[in-house]
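Each remark here refers to the structure printed beneath this line.
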2 protein chains.
Amino acid sequence: METPARRPTLRDVARRAGVSTMTVSRVLNGGENVRPALRRKVESAAAELDYRRNENARSIRPGQRSRLVGVIITNISNPYYAWVMSGIEGVIGRSGRRILVGISHSDVELEKELVRDMIGRQIEGLIVVPSDSGGAHLSPARLGIPVAIASRPLAGIEADTVMVDDVGGAFEGIKHVLDAGRRRVAFVGAGESVSTSVRRLAGYRLAHERAGVPVFDELIRRDANDVASAETAVRQLLALPEPPDAYFTATNRIAVGALRALQPVAGEDPPPLVSFDDFDLAGLMSYPLVIVDHDAPALGRTAAQMLLRRMDDPEPGPYVQVTLPSAVKRVTLKG
Amino acid sequence: METPARRPTLRDVARRAGVSTMTVSRVLNGGENVRPALRRKVESAAAELDYRRNENARSIRPGQRSRLVGVIITNISNPYYAWVMSGIEGVIGRSGRRILVGISHSDVELEKELVRDMIGRQIEGLIVVPSDSGGAHLSPARLGIPVAIASRPLAGIEADTVMVDDVGGAFEGIKHVLDAGRRRVAFVGAGESVSTSVRRLAGYRLAHERAGVPVFDELIRRDANDVASAETAVRQLLALPEPPDAYFTATNRIAVGALRALQPVAGEDPPPLVSFDDFDLAGLMSYPLVIVDHDAPALGRTAAQMLLRRMDDPEPGPYVQVTLPSAVKRVTLKG
DNA sequence: CTGAAAGCGCTTACAG
DNA sequence: CTGAAAGCGCTTACAG
C-alpha cells in the first residue's frame, strides 16, 4: 500500500521552484508579467509534481466562477433523455465548463435536494428537465443563478424555457389517421403530472374537434409511463367490445410497449400507430406507423445556449420561451 | 433586474442568530453539544436566509471529503452507455454522493483533460469507460484516488476492472449459427482500438476454430462504429461475389445499421444476424436474429460498488477484475 | 456548551 | 517583475 499521497499544493510548487506562491499563481493564470526564466522554473516544478490546481479552493474567492453547470434530468436510461443530455453536453463542454449531473427519478423531493446540493457546490447555472409542473425551488430569482427549463413549461416560474411543439405535433399525427378515415383513435400516455402528455392529449382533442370527430373517453388511457405499462394498457384496449381502429402513443417508450401488444395480433388491416418521438428501427417495422418527431439533442443544445447567454451577459433581457417544431416525419401506412 | 444577490454565508447566519460562526457550524454538522434553544435559533436563521453551505469551501480542509465522484464515458447518446450510466448513478446517488460527468468522445486527449480537471475539483473516486486501451493517466496510484474501469481492461494499469464476457458471448452466438450449418459468417465491428470489439472478434475466431470451420478475411469488417458505417459495411459485404450466409455484429448500434441493409433485400432464407447487445423491438423483428445479451446497468452498478468499497475501506486489498456473464438470450431463427 | 484563533489552498489588492 | 499580507467560507484544535 502506498502512503495516502497528499496532493501537491501551490506552496509545494513554489517551494520547489524557489519562488513565492504568488508567482506560481500568476504563471498558472496565464503567466503575464512574469520573467520567462521564472515562468519556466515554475512550469517544470508543476509538471514534476504533477500539480493540479484545487479548483474548489480557487472558486471560494468572490468573483471567481466555478465553471460548473448543474444538469438535472428525470431519467437517464430512457434514450430520449440521453439524447437531450448529449445536446447539453456538447454545448456546455465546448464552453470549457463541467457538468454536475443529477437524476431526479421524477421525484420532486429528490429534485429539491439535488438543487440545494448543487447550489452548495457553486454551480454557475442550472438546466432542468423538471419532474413536475410546479416548482418554486427552480426559480432563478430564488436560486440566484440562471436556470433553463427543458421539455416542460413551469407554471409561475420566471425562467428561460425550451420545449417541443407537443400540441402541434400530436395534432398533425392524429389528423393523419383521421383523414385516412379512422374514427376510434386511442390515446395512450401518462397522467396529469406529466405535462408533455397533457399537451399531447390537447393536440389529440384539437384534431378531433377540427375534424368533427367525437372523442370516446374509454379510448383514453393515461396510465402508461413505460414499455410494460403501455403494453398492458393496449392489451386492455384490444379487449374492448369495440376496440380502437388506430393508436396514438405519447412517447417512443410507450410506442414500443404498444407494438409489443399490437404486432402479434395484427390481421389484415391492423390499426395504425401514431408515435410521438421516433425510435430505432421504426423504418424497418412492417406494422403501419406514423412517426411524429422532433430533435431531442436540439432541445438540450437550446437549453444550454440559453443558459450560457444568461451566464455570460449581465443584462440578458427578459426570459424567453422557445418552442421547437415537431412534425410528422415518416409514414408507413399503405395507400 | 435584481441585484447580483450574494449568497448568504455562515457568518450571515451567525449574525442573524446572534451566535458565533462556530455554533452555526456545529448545528450544520449535526448539532451535537449545542443547547437546543441556540440550535433552534440557528436553524430558523438558516431557513430564513435560505442558507446553503458552500461545499467547496468546506472541502478544502484536509480530511474533508468532497462527496463527489467523477464519471467519464465515451458517448452518452448511445443507449448502451446511458444504461451503464444509469447503473452507476443508482449506486453513487444512494451513497449520498454526486456525479461530475465527462464525455470523452473516445478522444484520449480530451479524456486526459477531463481527468485533470476532475482531480482539480477534488473528486474522491473516478469511474471510466476508457476511450482507448492504453492510459497511464488513469492509474489510481498516479491520481491518488480509487479508480474503477468499466467495459474494457486496460493494459498495465492497476485498477479495479469490470467487463463483460465478450469472448464467451461472441463464441456462443457464433456457435449457434455454425451449428445451424452456416459457413460464411461475417464479422462487423470496430477496429483494434476498441478492445470490446477485439475480444468479440477473438470469440468469433475461437468458435470457428472449435468447429473446424475456416475464417475468411474478406468477411471481416473492422470499420463499423455506428449505425451509418455498419450499414455501409454490410452493403459492401452483400455485394461480394460470394456474400456471407450469416452476420455477427459487435454492438447493437451496428446491428441496427446491418438490419437496415439486410432487411430490405431479405429473400427466402435470409442470412441470420447475431447481435451482441439486445435492442428495442428485437423481439418484434421478422428478420432471423440471435441476441447475445448482458446486463449493462449491472456493469455500471458493479463499477460503482467496486469504487465505493475502495473509497470507504483504507485497506481494500488487491485490485479485482470482474467479468460479467454474457449469453445467448433470444433466438428467432426458424427450425 | 460556546467562541476566538489559526489554517485549508487559493487570489486580490497593495508595496516595493 | 515579485512578494508579504489579508481574506474567501468553512472547520479543527484549543481555551474557557
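The values are calculated or read from the model by the stated rules, or taken from the named source; none is laboratory data. This one's a predicted model, so the numbers in the text were calculated from it and none came from an experiment. When we count neighbours, we look across all protein chains shown, and the Cβ atoms used for this are built from the backbone with ideal geometry, even at glycine.
Taking the criterion of being in a loop (DSSP other than H, G, I, E, B), within 12 Å of DNA strand D (Cβ to nearest atom) and among the basic types (Lys, Arg), the only residue of region A:1-50 that qualifies is A:Arg35. The one condition from (1) touching a residue at least 60 places away in the same chain (Cβ under 8 Å); (2) over 23 Å from B:Thr332 (Cα atoms); (3) in contact with a helix residue (DSSP H, G or I) (Cβ under 9 Å, 6 or more places away or on another chain) that B:Arg184 does not meet is (2).
Across region B:315-325, not a single residue is classified as among the acidic types (Asp, Glu) and in contact with a Pro (Cβ under 8 Å, 6 or more places away or on another chain). Condition (residue is surrounded by 22 or more Cβ atoms within 10 Å (Cβ to Cβ), of a type in the set (A, V, I, L, M) and closer than 16 Å to A:Val84 by Cβ) applied to region A:283-295: is it met by at least one residue? No: region A:283-295 contains no residue that is surrounded by 22 or more Cβ atoms within 10 Å (Cβ to Cβ), of a type in the set (A, V, I, L, M) and closer than 16 Å to A:Val84 by Cβ. Scanning region A:40-59 for residues that are over 25 Å from B:Leu68 (Cβ atoms) and surrounded by fewer than 16 Cβ atoms within 10 Å (Cβ to Cβ) yields a total of 4. Applying the selection to region B:133-161, what residues are at pLDDT 90 or above, closer than 14 Å to B:Ile72 by Cβ, away from chain A (no Cβ under 14 Å) and out of contact with any Ser or Thr (no Cβ under 7 Å at 6 or more places or on another chain)? Within region B:133-161, B:Ala148, B:Ala150 qualify. Can you work out which of the residues in region A:51-62 that are of a type in the set (D, E, K, R) and assigned to a helix (DSSP H, G or I) is farthest from the other protein chains (Cβ to nearest Cβ)? Result: A:Arg58.
Checked against the criterion of being within 14 Å of chain A (Cβ to nearest Cβ) and not small (Gly, Ala, Ser), region B:38-48 has at least one qualifying residue.
Number of residues in region B:282-297 that are within 12 Å of chain A (Cβ to nearest Cβ), in a loop (DSSP other than H, G, I, E, B) and either over 11 Å from B:Ala255 (Cβ atoms) or at pLDDT 95 or above (or both): the value is 1.
For (1) within 16 Å of B:Pro297 (Cβ to Cβ); (2) modelled with pLDDT of 90 or more; (3) within 16 Å of DNA strand C (Cβ to nearest atom), each residue gets a yes or a no:
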| position | (1), (2), (3) |
| --- | --- |
| B:Asp50 | no, no, no |
| B:Ser66 | no, yes, yes |
| B:Ser77 | no, no, no |
| B:Arg94 | yes, yes, no |
| B:Ile99 | yes, yes, no |
| B:Ser104 | no, yes, no |
| B:Ile119 | no, yes, yes |
| B:Val129 | yes, yes, no |
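Screening the candidates B:Val256, B:Val164, B:Val234 for the property of being surrounded by 20 or more Cβ atoms within 10 Å (Cβ to Cβ), more than 14 Å from chain A (Cβ to nearest Cβ) and under 27 Å from A:Leu284 (Cβ atoms) yields one hit, B:Val164. The single condition among (1) closer than 28 Å to A:Val84 by Cβ; (2) among the β-branched types (Val, Ile, Thr); (3) touching a Lys or Arg at 6+ places or on another chain (Cβ under 8 Å) that B:Val167 does not satisfy is (1).
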